[in-house]
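Read through the structure below, which is laid out as C-alpha cells, and then see the notes.
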Amino acid sequence: MCSSDLNERNVTPQVRKAWLGAASQPLTAALGTRLGITADGGVRLTRIYAGTQAEAAGLQVGDVIVAVDGDPVTSRRAEDTELFPRMIRQYRSGAKANFTLWRNGQKMDLPVTLEEEPVPPAEMPWWEDEQLEFAVHDLAFEDRVRLQFGPAQTGALVENAALGGWAALANLHTDDVIIAADGKPVKTVVELRAAREQAVKDGHRGWVLLVQRGSETIFVEINLKALKP
C-alpha cells in the first residue's frame, strides 16, 4: 500500500433531502416592482443546472417562483436566501411539486420533480498520497459548479498539494483535475490510486499526469525515483 485507504476521513454522511437543481435570489420589493410582478415574495431563478430535473421540467433563468403547491414563497429581502431551499427540503426526494411562477409577465403553473441533494465534496471517495503529499477526491456536483465544468466531467480533484512536497514541486495545484495517468484515462480516485501503485511497481522514474486546469490541459510529471514498490 502506498497510502491510507479511501474514505478514512472522519465525516458523518448527511441525510439527503429534496433539492431543486437551480440557483435563485429573493424577490425583493424593488425587483418585483421592476419586473411588474404582483406578489408579496418569491425567488427569481438565476441558473438552471444542466442534467437536473429542474432543467427537464422546463424551468428557465428569469422565472420567478411565488408559490409551491399553493404555499407562498415568502422571500422578500436579500437576507432571505435560505427560505426557499428550506421550503424545498420539507419534501421527500422524488416528490413532484407544483410551482406557481411568473414568466415574461404571465403567471403559470409548472410541475417539477424534486431530486435528492447532491453528495457534498467532503463525502466523496477520497485518497491521500502521503509519500507524494497530495490529496484528491472524486468530483462532486459542487466542484463542477464552482469550477464551471459540465455534468459529464470526471476525474480526481486535487484538494491540496503540500508546499515543498513531490506533487507541488512537479507543479500540481489545488483544484487541478487529474484526468489521465501515464496515458490512461482516470475517472475516479480509485483508478488514480491503482495507476500510482502500478507506476511504482513497474519501476517508473516519473509519473505523468494529464491535468485539467481551468480551460487548459497540461502534463505534470511527478518524480518517483525516491519511492520503492
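The values are calculated or read from the model by the stated rules, or taken from the named source; none is laboratory data. Everything numeric here is computed off the predicted structure, so don't read it as measured data. Neighbour counts are summed over all protein chains in view; Cβ atoms, including those assigned to glycine, are modelled from backbone coordinates with ideal geometry. Note: accessible area is taken over every heavy atom of the protein model, side chains too, but ligands, DNA and RNA are not part of it. Shrake-Rupley method; radii C 1.70, N 1.55, O 1.52, S 1.80 Å.
If you run the Gaussian network model on the chain, springs between alpha carbon atoms under 10 Å, then out of Met108, Met124, Met87 the most flexible one is Met108.
Residue ranking by accessible heavy-atom surface, 1.4 Å probe, largest first, among Arg193, Arg77 comes out as Arg77, Arg193.
Across region 138-145, computed HN-Hα scalar couplings (Karplus, 6.51 cos²θ - 1.76 cosθ + 1.60, θ = phi - 60°) run 4, 4, 9, 3, 4, 5, 4, 5 Hz from first to last residue, x flagging Gly and Pro.
The angle between the Cα long axis of helix 189-201 and the longest principal axis of the Cα atoms of the chain comes to about 10 degrees, rounded to the nearest 10.
Non-local lysine pairs in the chain, meaning eight or more places apart or on different chains, with alpha-carbon distances under 28 Å, amount to 11. Taking the Cα centre of the chain as reference, the dipole from Cβ charges on Lys and Arg (+1) and Asp and Glu (-1) amounts to some 520 debye.
For the chain, the per residue solvent-accessible surface stands at 54 Å², with DNA, RNA and ligands left out and a 1.4 Å probe.
Computed from backbone phi, the HN-Hα couplings of region 160-173 come to 7, 9, 4, 4, x, x, 4, 5, 5, 5, 7, 6, 7, 10 Hz, rounded to whole numbers (Karplus: 6.51 cos²θ - 1.76 cosθ + 1.60, θ = phi - 60°; Gly and Pro given as x). Amide H contacts of Asp63: Leu45, each under 5 Å away and 5 or more positions distant or on a separate chain (H built 1.01 Å from N in the peptide plane; Pro and chain starts excluded). Farthest towards the positive end of the charge dipole of the chain, among the residues Val190, Gly42, Gly155, is the Cα of Gly42, using unit charges on the Cβ of Lys, Arg, Asp and Glu. Region 105-147 and region 161-228 have Cα centres lying 23 Å from one another.
Per-residue SASA remark: Arg213, around 60 Å² accessible (1.4 Å probe; ligands, DNA and RNA not included). Since only Gln14, Gly62, Ser93 are under comparison, the one whose Cα sits farthest along the positive direction of the charge dipole of the chain, derived from C-beta charges on Lys, Arg, Asp and Glu, is Gly62. Counting only protein heavy atoms and a probe of 1.4 Å, the accessible surface of the chain is 49% carbon and sulfur. If the elastic network links every pair of Cα atoms under 10 Å, which of Glu191, Glu82, Glu123 fluctuates the most in the Gaussian network model of the chain? Per the Cα network of the chain with a 10 Å cutoff, Glu82 tops the list.
Take the Kirkwood radius over Cα pairs of region 34-102, plug it into Stokes-Einstein at 10 °C and 1.306 mPa s, and you get 125 µm²/s for translational diffusion.
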